[in-house]
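Undergrad: Sharing a structure with you now.
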Amino acid sequence: MAELNKSLGNIYMSHYALATIASESALESYGVVGISGKNVVNGIAKVLVKDPTLGVNIEFENENLIIDIFVIIEYGTRVQSVANSVSENIKYQVEKSTGLTVSQVNVHVRGLRISYTD
Amino acid sequence: MAENPQDQNQDIHFQVIHSIDGQEFKSLVQASLTWLRTNQQMINSLNVFPVPDGDTGTNMLLTMQSAYNEIAESDETRIGRIAHDLAQGALLGARGNSGVILSQIWRGFARAMDNLETMDADLFVKGLVEAKNTAYKGVVRPVEGTILTVAKDMAAAAEEAAFESNDLMKVLETVVEAANESVRRTPELLPILKQAGVVDSGGKGLYIILEGMLRSSKGFSLETPLVMVQPIEGMKLQNVKESVEEGQDYEVVVDFKPEGNLDLHNFYEGLTEIGTSIQVGEGEGMYRMHIHVETDRRYDPIDYTMKFGTITKVAMENLIEQTGGIGADGKGLEVAEIQPGQIAVVAISPGDGISRIFASLGAAAVVQGGQTMNPSTEEILRSFENLPTDKIIILPNNKNIILAAQSAASMTVKSVRVIRSKNVPQGLSAILRLDPDGDLDSIEKQMDESLTDIETGEITTATRTVQINNVDVKEGEVIVLHNGQLIESTTNLEDACFEFLSCAGTTERERITIFYGANIDRPKVNEIADLIRSKYPKQELEIHEGGQPFYQFIISVE
């Protein structure tokens, strides 16, 4: 639970809520074609998940958020650039909508989807 | 977008080109690169928000540079090979979101070129279609109004053009025109662009790349950047205020009518020496110039603009003063804090006093607007988009705003209900039914029902002589509307109030509430209130400062 202090009491944000924002932001990023389960074993990593908490891990450290996200990227895009914009987009969207500070976004590329082999 | 002056009225007939080989294509790409470099800053300036794509122009340029580097030394003549190398270079150098999309576009284009020797018009079309398909493959939720849309519109235009002509340059020309049109339409598709008053930067970059090819084949210069001109209504200048540069303390906005044809390029050039955050808008023969300048130079933009035409209006604001305050609409209004999952009410209010009343009754957002100052769909949309809930109720409080509210409702994924409140008392009556934790459907129903519980009177001064509903109205007289219908025109305020109160059957009711406007002073209000009190002693009388313009009184009886 993330906690925000307000004059009238506290606001609690669940992992689920934060994970939803993170995974939606990732899916809006160009090059990301899916969120993968974080716990799936190698080999079936390409299994796409619907529940955002399955592909996002959120931890708290000194009032800052550390977000890990597990994604599938389109084959043929420059993975580094895509991953960069995923992390920037997640940081921006989560900070904007919650007011919390995101100190780290770790993007785990779990697989590539091949639409065209060229 | 204005063409450079030197391009205007040039009607160059160039020879028909049926196909090009790899080397010819390479020189076109080089032209794209040069033209993109020339316009890099212009594209960078199309910035919407401080997320990833802050430097679209630079990112696209670096991507194109990396792409071109792969073919620069090549003497390969097969277009298929050149295109593949180009795509490979774009992939390796892709920078930022727009760079990645651009590399996908080249990748698709190259796939269509296959291993072929030359490209004719049909193959060019195929290239653009493949480019579009590949670009769309890379994202789960394509956002329209971006570079993707421009790529799509280009492909569609190319397919049509190839029916008409097999001249490659003719097809290219049509594609460039379509791209320009498509870029121009991006703010219609993507609200955030409209709010910022810009077109999509990635789309613009793609247009520049194609236009560079066309310009070089027509023999136009690739060294002088294009100058941005946007429609005046697209200039949302309050957004610019958020980024005040060090030392640039004053914002100056000048409206002017140019003498003869305005040489935009020249005009712009001079402005860059005066200040920053320059924007120029155009509409119906008029231009609007916006600039941030240092305190000492605050009159320079005015003197400068005078050389180009007749100034019609000047507005100057001290930005440093403003950044201390809250947003323009808020004015320190304390609105209800909404928890996720609760119902949030957005009220449209014609005056400050009424805004405060709505806020005190639990409105989560208040948008300024009323008679003759209808808020736009965007303003309404913006008011609730950032609220942390997806259950929204809008109280338009004016019959002319209901439509804008409904269209705002249709543009969001949130569940938005529009209560058809036609005036402020109806809106207030509705908001009293608000239970933030209640069920959206049942609250909506209760609010709808509340609208008929209340009799509303609006008292204002007639602006022209007219006859409506068999009532003769003379300009300057006081007129009375009962639930929106004109019922009486008199010479004084007292009579107007009593006429409404008797029509509304006040003797059978319990409470009279008066909101007085900005155009009447408190002693006069008290005087009339005393008269009402003595005539209706059994009814409770409440008086509030409404602050609305035009209407001396808005009265409700319930």
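The values are calculated or read from the model by the stated rules, or taken from the named source; none is laboratory data. All of these numbers come straight from a predicted model, not from anything done at the bench. Please note: Cβ atoms are built from the backbone with ideal geometry, for glycine as well, and neighbour counts cover all protein chains shown.
Undergrad: Does any residue in the stretch A:1-15 that is at negative phi and outside any strand (DSSP E or B) come within less than 7 Å, Cβ to Cβ, of a residue that is modelled with pLDDT under 60 and of a type in the set (S, T, Y) six or more places away or on a different chain, and which pairs are these?
TA: Hits for this filter: zero, empty list.
Undergrad: Still on this structure, please answer the following. Do you know which of the residues in the stretch A:65-118 that are farther than 23 Å from B:L91 by Cβ, in a helix (DSSP H, G or I) and among the β-branched types (V, I, T) is farthest from the other protein chains (Cβ to nearest Cβ)?
TA: A:V94
Undergrad: Let me ask something additional. Counting only residues that are among the acidic types (D, E) and closer than 20 Å to B:I101 by Cα, which one in the stretch A:17-52 is modelled with the highest pLDDT?
TA: Here is the first cut: in the stretch A:17-52, the residues among the acidic types (D, E) are A:24, A:28, A:51.
Then drop every residue that is not closer than 20 Å to B:I101 by Cα, which leaves A:24, A:28.
Details: A:E24: 90, A:E28: 87.
The selected residue is A:E24.
The rows are residues; the columns are (1) of a type in the set (S, T, N, Q); (2) part of a helix (DSSP H, G or I); (3) within 11 Å of chain A (Cβ to nearest Cβ).
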residue	(1), (2), (3)
B:A110	no, yes, yes
B:N115	yes, no, no
B:M119	no, no, no
B:L128	no, yes, no
B:A135	no, yes, yes
B:P142	no, no, yes
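Undergrad: Let me ask another. Which numbered condition in (1) surrounded by fewer than 18 Cβ atoms within 10 Å (Cβ to Cβ); (2) more than 30 Å from A:Y92 (Cβ to Cβ) is the only one that B:S32 fails?
TA: (1)
Undergrad: Quick check: is even one residue across the stretch B:89-105 out of contact with any Ser or Thr (no Cβ under 9 Å at 6 or more places or on another chain) and either surrounded by 20 or more Cβ atoms within 10 Å (Cβ to Cβ) or more than 18 Å from B:L33 (Cα to Cα) (or both)?
TA: Initial filter on the stretch B:89-105 (out of contact with any Ser or Thr (no Cβ under 9 Å at 6 or more places or on another chain)): none.
Looking through the stretch B:89-105, none of the residues is out of contact with any Ser or Thr (no Cβ under 9 Å at 6 or more places or on another chain) and either surrounded by 20 or more Cβ atoms within 10 Å (Cβ to Cβ) or more than 18 Å from B:L33 (Cα to Cα) (or both).
Undergrad: Restricting attention to the stretch B:376-396, which residues are closer than 29 Å to A:M13 by Cα, outside any helix (DSSP H, G or I) and away from chain A (no Cβ under 14 Å)?
TA: Residues satisfying the conditions are B:K391, B:I392, B:I393, B:I394.
Undergrad: Please work out which residue is surrounded by the most Cβ atoms within 10 Å (Cβ to Cβ), limiting yourself to the stretch B:143-166 and to residues that are more than 20 Å from B:G202 (Cα to Cα) and polar (S, T, N, Q).
TA: So the residue we want is B:N166.
Undergrad: Those residues that are more than 16 Å from B:L210 (Cβ to Cβ) and of a type in the set (D, E), I need them from the stretch B:100-133; list them, please.
TA: Within the stretch B:100-133, B:D114, B:E117, B:D120, B:D122 meet the criteria.
Undergrad: Can you tell me how many residues within the stretch B:144-173 are in a helix (DSSP H, G or I), in contact (Cβ under 8 Å) with a residue 40 or more places away in the chain and under 24 Å from A:V32 (Cβ atoms)?
TA: Residues flagged as in a helix (DSSP H, G or I), in contact (Cβ under 8 Å) with a residue 40 or more places away in the chain and under 24 Å from A:V32 (Cβ atoms) within the stretch B:144-173 amount to 5.
Undergrad: Tell me which residues, restricted to the stretch B:64-89, are at the interface with another protein chain (Cβ under 9 Å from one of its Cβ atoms) and within 28 Å of B:L46 (Cβ to Cβ). Spell out how you get there, then give the answer.
TA: Going residue by residue through the stretch B:64-89, those that are at the interface with another protein chain (Cβ under 9 Å from one of its Cβ atoms) are B:84, B:87.
Listed by number, the list holds a single entry, B:A87.
Undergrad: Might you let me know whether the stretch B:318-325 holds any residue that is away from chain A (no Cβ under 14 Å), out of contact with any Lys or Arg (no Cβ under 8 Å at 6 or more places or on another chain) and modelled with pLDDT of 70 or more?
TA: Yes, the stretch B:318-325 has at least one match.
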